[in-house]
1. Residue under question is Leu66, and the condition is that it be out of contact with any strand residue (DSSP E or B) (no Cβ under 7 Å at 6 or more places or on another chain), of a type in the set (A, V, I, L, M, F, W, C) and either modelled with pLDDT of 95 or more or buried (at least 23 other Cβ atoms within 10 Å of the Cβ) (or both); does it hold?
2. Given (1) closer than 25 Å to Ser6 by Cβ; (2) among the charged types (D, E, K, R); (3) out of contact with any helix residue (DSSP H, G or I) (no Cβ under 9 Å at 6 or more places or on another chain), where does Glu233 come up short, assuming only one miss?
3. Search segment 188-204 for residues that are touching a residue at least 40 places away in the same chain (Cβ under 8 Å) and pair each with any residue that is surrounded by fewer than 18 Cβ atoms within 10 Å (Cβ to Cβ) and assigned to a strand (DSSP E or B) when their beta-carbon atoms are under 9 Å apart and the residues are at least 6 apart or on different chains.
4. Return the residues of segment 48-63 that are of a type in the set (S, T, N, Q) and either in contact with a Lys or Arg (Cβ under 7 Å, 6 or more places away or on another chain) or closer than 20 Å to Gly89 by Cβ (or both); say none if nothing qualifies.
5. Conditions first: (1) over 23 Å from Ala14 (Cβ atoms); (2) modelled with pLDDT under 85. Glu199 passes all but one, so which condition is the exception?
6. List, please: which pairs have Cβ atoms under 9 Å, are six or more places apart or on different chains, and start with a residue in segment 143-171 that is over 16 Å from Gly185 (Cβ atoms) and end with one that is aromatic (Phe, Trp, Tyr) and not in a helix (DSSP H, G or I)?
7. Does Arg240 satisfy the condition of being buried (at least 16 other Cβ atoms within 10 Å of the Cβ), in contact with a Pro (Cβ under 7 Å, 6 or more places away or on another chain), over 19 Å from Glu146 (Cα atoms) and of a type outside the set (Phe, Trp, Tyr)?
8. Would you point out which residue out of Thr82, Thr77 is among the hydroxyl-bearing types (Ser, Thr, Tyr), surrounded by 23 or more Cβ atoms within 10 Å (Cβ to Cβ) and more than 22 Å from Ser192 (Cα to Cα)?
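The values are calculated or read from the model by the stated rules, or taken from the named source; none is laboratory data. Keep in mind that this is a model prediction, so the values were computed, not measured. Neighbour counts run over all protein chains shown; Cβ positions are idealised from the backbone, glycine included.
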Amino acid sequence: MDQQHSLPKVMTIAGSDSGGGAGIQADIKTITLLGGFATSVLTALTAQNTQTVAAAYKLPDDFIRLQFKIVMDDIGTDAAKTGMLADAGIIRTVCDCLRERPVPFLVVDPVMVSKSGSSLLAPDAVQALRENLLPLATIICPNLPEASALLDRKIGDLDAMRAAAQDIAGMGCRYALIKGGHLDGPAVDVLSNGKETTEFASKRLPGKNTHGTGCCFSAAIATFLARGMTIEEAVKNAKRFIMESVRNGLDIGGGRGPMDLLSGARGAGFIP
């Protein structure tokens, strides 16, 4: 098989970030750098930069459905990830698509709030996410505020993270990965399948240029799963990639700048 046709295909189902640091734009960069072929289903358009999300426009459900169908009819996918889904209607539309045409691996990044503090998910959509999307997920990757919203309780330390990972995994997905970036001390992420937990710890890096970490982390996990890695291998390698990308954050714009994904892929050894 030639190299062109051996590329794993990875679909991102997410919103557009006009600033380029997160969303579809960051997903495509990540997937490409890590050895995948990226396809996309846009759910929303945002007007944003490093400081704010000025406006968001949700795409019609029928158009979201058509994007998914057209890509799957011709190209297919080896893994998919979801990002910004905006509201309960879009969540249900995406879930209908995924039930009709199941994908081998589904990574869910339950995007709720941007780095600048802007809401990216309607309040009534959390229940739709729990009931519809979680049962389809291979792995869901919430940060602490997102995990707290999913469980309707505060998560304030590592023990609470361990319990949260087990409880969210028990809600229907195969694995839950709770990201500990909002706690002080080492950056610890907790992975659980509902019975066993695994922890991934790294030294916390200084710097404010972390825009898009959640998007890129989930896109990296999806790419590594499409390449044939186990869940644990995919998470470990995705965390390495993110840490190297944060280490080389870019001073672009006046707010939280993006990571340097190219330097991250090189520093983690995924490209020369």
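1. Numbers: out of contact with any strand residue (DSSP E or B) (no Cβ under 7 Å at 6 or more places or on another chain): yes; of a type in the set (A, V, I, L, M, F, W, C): yes; either modelled with pLDDT of 95 or more or buried (at least 23 other Cβ atoms within 10 Å of the Cβ) (or both): yes.
Yes.
2. Of (1) closer than 25 Å to Ser6 by Cβ; (2) among the charged types (D, E, K, R); (3) out of contact with any helix residue (DSSP H, G or I) (no Cβ under 9 Å at 6 or more places or on another chain), only one is false for Glu233: (3).
3. Asp189/Glu199; Asp189/Ala201; Asp189/Ser202; Leu191/Thr197; Leu191/Thr198; Leu191/Glu199
4. Thr50
5. Unmet condition: (2).
6. The qualifying pairs are Ala165/Tyr175; Ala169/Tyr175.
7. Details: buried (at least 16 other Cβ atoms within 10 Å of the Cβ): yes; in contact with a Pro (Cβ under 7 Å, 6 or more places away or on another chain): no; over 19 Å from Glu146 (Cα atoms): yes; of a type outside the set (Phe, Trp, Tyr): yes.
For Arg240, the condition - buried (at least 16 other Cβ atoms within 10 Å of the Cβ), in contact with a Pro (Cβ under 7 Å, 6 or more places away or on another chain), over 19 Å from Glu146 (Cα atoms) and of a type outside the set (Phe, Trp, Tyr) - is not met.
8. Values: Thr82 fails: more than 22 Å from Ser192 (Cα to Cα).
Criteria check complete, one pass: Thr77.
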